Amino acid sequence: MLKALIFDVDGTLAETERRGHRIAFNRAFAETGLDWVWDEALYGELLAVTGGKERLRHFITAHGPEVPVADAELDACIENLQALKTRHYIALVESSGIPARPGVIRLMKEALDAGLRLAIATTTTADNVYALLSGSFGPGAPEWFEVIGAGDIVANKKPAPDIYHYVLAELGLAAEECLAIEDSENGILASKGAGIPTIIAVNDYTAGQDFTGALVVTDHLGEPEHPLTCLSAAPWEAFSLVDVDALKRLHERWMSEKRKNRKPGNGLHSSSRSQPCPKNTLSSPSPAHPAQALRP
Ligand code: XBP
Ligand code: MG
């Protein structure tokens with residue numbers, strides 16, 4: 001039975017990468033006198049590496065910018081840049097706010113009303129999460145979540161499953177009692193790695209990534225007046241917004257597939273058949289699943 005929803009943060013709750021983190025990194029560079037500029041295209045490439053510190057190190061290694069410190073001081077330099085960037089990110093979120101993506105707040109409130117538990121599993125720094133939730137979702141929003149798993153609390157960031165294992169342990173739930181909501185390939189690799197069925201709401205940075213194994217891939221979670229477009233090659237059913245009923249049906253369908261594949265004698269291991277959707281092509285929705293079809 002579905003008991004909890006576990007939300008990713010960046011790119012899933014809001015367009016924080018483009019509108020927040022990228023700008024904050026650039027402000028930190030400028031403040032420290034570095035002439036590095038991460039434009040939107042470059043930042044899209046750098047997003048392949050999760051975690052701000054890890055992304056900075058990757059940039060230095062892969063792009064070879066001029067670095068004003070000796071190798072022995074590189075770790076400290078990255079720590080300092082990251083701390084500065086976090087301050088800029090929080091200031092930006094608090095001053096201008098980054099709006100929640102369509103359907104996110106609606107779904108969270110519906111889920112709480114329906115008795116589902118909420119949690120967060122993210123690669124970003126915990127302070128960033130509290131700032132975003134308080135600033136863009138409402139002052140009490142951090143309280144909606146029983147567990148906020150974030151940043152360096154685990155050894156390995158996404159695509160490793162560590163943060164999802166951490167959240168499951170804190171919730172005291174099995175993977176199959178939860179659903180994850182993610183936006184990226186690194187995200188679904190992490191949630192899938194922990195055995196959690198996952199739905200995807202892509203954004204401009206992640207559209208076109210490989211979401212093999214997703215229950216469904218959409219462009220956003222949908223609002224009654226702003227229906228989602230289903231991007232899965234073969235979604236199980238057509239719906240215009242992701243609500244609790246739709247999630248329960250998707251979850252139940254996933255569970256029954258899993259049970260079927262567990263039956264002795266079918267020659268299959270559950271892990272090999274727990275991927276109901278074929279590789280997402282992100283092509284136009286199939287005519288059999290009209291983009292804005294209303295739920296039954
Ligand atoms: C996305 C990330 C983060 C942010 C930056 O996290 O990879 O690193 O880009 O945050 P998710 P920090 O999609 O898991 O929410 O600079 O604080 O790491
Ligand atoms: Mg994300």
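Nothing in this text is a laboratory measurement; each read-out follows from the coordinates by a stated rule. Not measured: the values here are computed from a predicted model. For neighbour counting, all protein chains shown are included, and Cβ atoms are generated from backbone atoms with ideal geometry for every residue, glycine included.
Annotation: the residues Ile6, Ile153, sorted from fewest to most other C-beta atoms within 10 Å of their own C-beta, follow the order Ile153, Ile6. Packing-based ranking of 56-68, 113-125, 189-201 yields 189-201, 113-125, 56-68, ordered from highest to lowest mean Cβ neighbour count within 10 Å. Taking the stretch 13-41 and a reference point 7 angstrom along Cα→Cβ of Asp71, no backbone N atom is nearer than 16 Å. Would you mind telling me which residue in Gly44, Gly97, Gly138 has the biggest mean-square fluctuation in a Gaussian network model of the chain, where springs connect alpha carbons within a distance under 10 angstrom? Per the Cα network of the chain with a 10 Å cutoff, Gly138 tops the list. Ranking of Met108, Met1 by neighbouring Cβ atoms within 10 Å, starting from the fewest: Met1, Met108.
Listed by chain and number, the aspartates and glutamates whose alpha-carbon sits under 19 Å from that of Lys3, ignoring those within fewer than 8 places in the same chain, are Glu110, Asp113, Glu143, Glu146, Glu170, Glu176, Glu177, Glu182, Asp243, Asp245, Glu252, Glu257. Considering only Cα atoms, the convex hull volume of the stretch 16-96 works out to 84 Å³ per residue. Inter-label distance, Ala155 to Glu252: 4.1 nm, where each label sits 7 Å from its Cα along the C-beta direction.
Solvent-free Debye calculation, one equal scatterer per alpha-carbon of the chain: log10 I(q)/I(0) at 0.17 Å⁻¹ equals -1.43. Taking 11 Å as the cut-off, no amide N atom of the stretch 89-105 comes nearer than this to a point 7 Å along the Cα-to-beta-carbon line of Glu143. In plain terms, the residue of Phe25, Phe145 with the fewest other Cβ atoms within 10 Å comes first and the most crowded comes last, giving Phe145, Phe25.
A convex hull fitted to the Cα coordinates of the stretch 74-193 yields 113 cubic angstrom per residue. As a calculated quantity, the FRET efficiency between Glu170 and Arg57 at R0 = 41 Å, using C-beta atoms, amounts to about 0.90.
Thr229 versus Asp245, label points 7 Å from Cα toward the beta carbon: distance in nm? For the pair Thr229/Asp245, the computed spacing is 2.6 nm.
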